[in-house]
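Presented below is the structure to which this report refers.
The values are calculated or read from the model by the stated rules, or taken from the named source; none is laboratory data. Nothing here was measured: the structure is a model prediction, and the numbers come from that model. Counting neighbours? That spans all protein chains shown, and the Cβs are built from the backbone with ideal geometry, glycine included.
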Amino acid sequence: MSIDARLRERAARVVPGGMYGHLNAALHGSGYPQFFVRGEGCRQFDADGREYVDLMCSWGPIILGHRHPAVEAAVAARLAEGDCLNGPGPVYVELAELMVETIPQADWVMFSKNGTDATTQALMVARAATGRAKVLVAHGSYHGADPWCTPSTAGTTPADRADLVEYTYNDLASAEAAAARAEGPAGSDVAAIIVTPFKHDSFEDQELAAPEFARGLRALADRLGAALVIDDVRGGWRLDLGGSWEPLGVRPDLYAFSKAMANGHPIAAVTGVDALRDAAQTIYSTGSFWFNAAPMAAAKATIETLHAVDGVALMERAGTRLREGLAAQAAAHGFTVNQTGPVQIPWLSFAGDATLEKGMFWSSACLEEGVYLHPWHNWFVSAAHTDADIDRALQGTDAAFARLRARFGAD
């Protein structure tokens, strides 16, 4: 047995199902390793010593590359002095100041640990400010793993999602209709409209936000007296350091950030406008490890480094090179593919592949060629992906396309 197989066998005895959630490699396709032991730059190494060009970036948190020196030095310095203390370190203030300086929308910041913490916290602030209950949310949109935002699964009840009213992403008329359905005896009961900066539902092609849709949601929130919340957990820090809708000229009342904020260290944040400052002070939202100094030091170093190296431009370059290379390879091998989403957060699907049979086969073939990507979840590139790294990845994807053609034939 491989080391990975032995670890799975042991895990099955002490963990329900051996593994759970989106990191469960049993869901990904044949050959995917479950356990990893090392990351370096844009490479990962599994428990059996196999090396991969990492196009998942640990599902988004790695933005500067694994074990980035500036980030790890900042963390080591904090750990040497103390991490979990009776209160936050001075870096708490320094990080908050840096975020307010970096994000034009931000007048204040609240910290937590996970993306789910941040989206939940943002809705609490919106409800505290408005005294209302309902939240408009795009159908199928992922906002975390708490019962209120997790699609109906074991352990949740319909009541957990009773205050959500769905609309269709990029369909402003459907958002208007959802707002109408949320009318109560005293008028609108909408506390917030929550939206991702682009549509990134699993198993589906991604979809960029139409500018008129973004502007329309902003206007709708203003008309309703509700808070516009952008869940920038997945897109944050890769598309624009000022927030993912900053290039569209649309600023929310509340931004939710996490994932890439600290290059793999656990932290999340909500940024808000002054009009919601008093409401934010009234909510009760905390955690035992929310004020640890080391992750805050990591976040500060990450944001400073992204500024210094123009990280967004580096990721855009790498993502563009990857997208153009994949397009040329697919055409050469006779496949029609869809490449969707921002180039920094890409995904590839095969035309007519409703069951993802081709996608699963191709991604598993990529894995065997030393390229780690995913068949039904969007990928990520980092500022550590150089031209040479992308070319190495394309070498593997090209071989995978050849194997796909041998298995299925050209389109």
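Residues in the range 264-313 that are among the basic types (Lys, Arg) and either buried (at least 18 other Cβ atoms within 10 Å of the Cβ) or in contact with a helix residue (DSSP H, G or I) (Cβ under 6 Å, 6 or more places away or on another chain) (or both): LYS300 only.
Sort out for me the helices (runs of 4 or more DSSP H) sitting completely within the range 265-344 that have 3 or more residues that are within 25 Å of VAL125 (Cβ to Cβ) and at pLDDT 95 or above.
Correct list: 277-282, 293-309.
Selection of first residues in the range 99-114 that are closer than 9 Å to GLY243 by Cβ and of second residues that are among the hydroxyl-bearing types (Ser, Thr, Tyr) and buried (at least 17 other Cβ atoms within 10 Å of the Cβ), restricted to Cβ pairs under 9 Å at least 6 apart or on distinct chains, gives the following pairs, ordered by first then second residue: ILE103/TYR255; ILE103/THR271; GLN105/TYR255; GLN105/THR271; ALA106/TYR255; ALA106/THR271. Tell me, yes or no, whether the range 68-82 has at least one residue that is within 16 Å of THR386 (Cβ to Cβ), under 21 Å from the mean Cα position of the chain (by Cα) and not small (Gly, Ala, Ser). Yes, some residue in the range 68-82 is within 16 Å of THR386 (Cβ to Cβ), under 21 Å from the mean Cα position of the chain (by Cα) and not small (Gly, Ala, Ser).
On the basis of being without any contact (Cβ under 8 Å) to a residue 24 or more places away in the chain and of a type outside the set (Asp, Glu), does ALA399 make the cut? Steps first, please.
On the way: without any contact (Cβ under 8 Å) to a residue 24 or more places away in the chain: no; of a type outside the set (Asp, Glu): yes.
No.
Residues that are touching a Phe, Trp or Tyr at 6+ places or on another chain (Cβ under 9 Å) and touching a residue at least 60 places away in the same chain (Cβ under 8 Å) within the range 1-30 comprise HIS22, HIS28, GLY29, SER30, listed in sequence order.
Answer yes if at least one residue in the range 336-343 is in the same structural domain as ALA400 (by TED's automatic domain parsing), more than 24 Å from the chain's Cα centre (by Cα) and not acidic (Asp, Glu), and no otherwise.
yes
Considering only the range 187-246, how many residues are of a type outside the set (A, V, I, L, M), without any contact (Cβ under 8 Å) to a residue 12 or more places away in the chain and not in a strand (DSSP E or B)? Here the count works out to 2. The strands (runs of 3 or more DSSP E) falling completely within the range 1-90 that include 1 or more residues that are in the same structural domain as HIS374 (by TED's automatic domain parsing) and in contact with a Leu (Cβ under 8 Å, 6 or more places away or on another chain) map to 51-54. All of GLY155, GLY82, GLY89, GLY115 fail the test of being at positive phi and modelled with pLDDT of 95 or more, apart from GLY82.
Mind checking whether some residue in the range 315-333 is surrounded by 23 or more Cβ atoms within 10 Å (Cβ to Cβ), more than 18 Å from MET110 (Cα to Cα) and in contact with a Phe, Trp or Tyr (Cβ under 8 Å, 6 or more places away or on another chain)? Within the range 315-333, one or more residues are surrounded by 23 or more Cβ atoms within 10 Å (Cβ to Cβ), more than 18 Å from MET110 (Cα to Cα) and in contact with a Phe, Trp or Tyr (Cβ under 8 Å, 6 or more places away or on another chain).
Are any of the residues in the range 385-401 in a loop (DSSP other than H, G, I, E, B) and in the same structural domain as SER58 (by TED's automatic domain parsing)?
Going through the range 385-401, the residues in a loop (DSSP other than H, G, I, E, B) turn out to be 385-386.
Restricting the remaining residues to those that are in the same structural domain as SER58 (by TED's automatic domain parsing) gives 385-386.
Yes, that holds for at least one residue.
Candidates are the residues of the range 378-390 that are surrounded by fewer than 19 Cβ atoms within 10 Å (Cβ to Cβ) and touching a residue at least 24 places away in the same chain (Cβ under 8 Å); the one that is farthest from GLU40 (Cα to Cα) is ASP387. I need a count of the residues in the range 178-206 that are surrounded by fewer than 16 Cβ atoms within 10 Å (Cβ to Cβ) and either within 25 Å of the chain's Cα centre (by Cα) or of a type in the set (A, V, I, L, M) (or both). Going through the range 178-206 one residue at a time, the tally reaches 6. Going by the structure shown, is VAL100 among the aliphatic types (A, V, I, L, M), surrounded by fewer than 16 Cβ atoms within 10 Å (Cβ to Cβ) and under 23 Å from the mean Cα position of the chain (by Cα)? It is true that VAL100 is among the aliphatic types (A, V, I, L, M), surrounded by fewer than 16 Cβ atoms within 10 Å (Cβ to Cβ) and under 23 Å from the mean Cα position of the chain (by Cα). Give me the residue from the range 20-58 that is surrounded by 18 or more Cβ atoms within 10 Å (Cβ to Cβ) and at pLDDT below 95 and, out of that set, farthest from the chain's Cα centre (by Cα). Checked the range 20-58; the qualifying residue farthest from the chain's Cα centre (by Cα) is GLY29.
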